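Below: the structure, in structure tokens.
The values are calculated or read from the model by the stated rules, or taken from the named source; none is laboratory data. Being a predicted model, the structure only gives us computed values, none of them experimental. All Cβ positions, glycine included, derive from the backbone under ideal geometry; neighbour counts span all protein chains shown.
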Amino acid sequence: MAPIRNIVFDLDGTLYRNDELQREITSTAENLIAVSRGLSLAAARKLLQQSRRRLAESRDEEPTLSLTCLELGIAIDDLHDAFRQNVRPERYLVHDPVLQALLEALSASYDLYIYSNNNLFLARKILKILGVDACFFGLYTIEFSGVPKPDEETLQKVLSEISGPLESFLFVGDRVHVDLQLPARLGIRTMVARETADLLQIFQLLGLMP
Ligand SMILES: [Mg+2]
């Protein structure tokens, strides 16, 4: 098997977890639904929850916020314009020296990438706050194809841009069906990570542990 050369990370929920930031993202979407449908905030919240539940039942997995908003007629561009204007990661996130040390060590031997449903503006901002913006070779955000994960066509585009055999990739994410299922189906190695401590397993997987 060819050695791993490229590690593709999800961002939100994988390199950090923060409930307050998540709440701000959700309430921005609720606001947008309220404005675009002429609903009260409470009614918009209920509609989003119902729509999420319906999608979860029909697909047998928790839908992404992007997909749920799409189902409610919100364009991805409008959703991300609202995120850029209203979501303030600097209110909630702080420098993570452990994450920084981990990713700096990895980036010495591997090319690290982000593949995220977030937009470039917020992804850059979040990476900078965490102290890891210099660790990444490339960022694939919603602007790359306009289609949120999971999406096979976008995944293929990401893989061909990075280039290299499938065995040279490792995908790391917090949601299996969003981040890992499609790459795994192609035979790519994957790893679930939901906190910085989980990321330590990468060193084990790569045989870097003493
Ligand atoms: Mg995630």
Looking at segment 196-208, I want the residues that are closer than 18 Å to R17 by Cα and have a partner that is modelled with pLDDT of 90 or more and part of a helix (DSSP H, G or I) with Cβ atoms under 6 Å, at least 6 apart or on another chain. Which pairs are those? T196/V98; T196/L99; L199/L102
Could you list, in sequence order, all residues of segment 38-69 that are under 19 Å from R175 (Cα atoms) and in contact (Cβ under 8 Å) with a residue 12 or more places away in the chain? R52, L55, E61, E62, T64, L65, S66, L67, T68, C69
Looking only at segment 36-56, decide whether some residue is under 20 Å from the mean Cα position of the chain (by Cα) and among the hydroxyl-bearing types (S, T, Y). no
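Can you pull out the residues in segment 161-183 that are part of a helix (DSSP H, G or I), of a type outside the set (D, E) and within 16 Å of the ligand (Cβ to nearest atom)?
Looking only at segment 161-183, we keep the residues that are part of a helix (DSSP H, G or I), and these are 161-162, 166-168, 176-183.
Imposing the further condition that a residue be of a type outside the set (D, E) reduces the set to 162, 166, 168, 176-178, 180-183.
Selection gives V176, H177, V178, L180, Q181, L182, P183.
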Do we find a residue being basic (K, R) and within 27 Å of E61 (Cβ to Cβ) anywhere in segment 167-175? yes
Residues of segment 15-65 that turn out to be within 30 Å of L106 (Cα to Cα) and of a type in the set (D, E, K, R), as a count: 3
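Taking L15 as the residue in question, decide whether it is within 14 Å of the ligand (Cβ to nearest atom) and either among the charged types (D, E, K, R) or in contact with a helix residue (DSSP H, G or I) (Cβ under 7 Å, 6 or more places away or on another chain) (or both).
Details: within 14 Å of the ligand (Cβ to nearest atom): yes; either among the charged types (D, E, K, R) or in contact with a helix residue (DSSP H, G or I) (Cβ under 7 Å, 6 or more places away or on another chain) (or both): yes.
Yes; evaluated as a whole, the condition is true for this residue.
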List the pairs whose first member sits in segment 104-116 and is part of a loop (DSSP other than H, G, I, E, B), whose second member is at pLDDT 95 or above and among the aliphatic types (A, V, I, L, M), and whose Cβ atoms are under 6 Å apart, counting only residues at least 6 apart or on separate chains? Y110/I7; S116/L11; S116/A123
Check segment 82-103 and report whether any residue there is in a helix (DSSP H, G or I), among the aliphatic types (A, V, I, L, M), away from the ligand (no atom under 16 Å from the Cβ) and not assigned by TED's automatic domain parsing to the domain that holds D133. yes
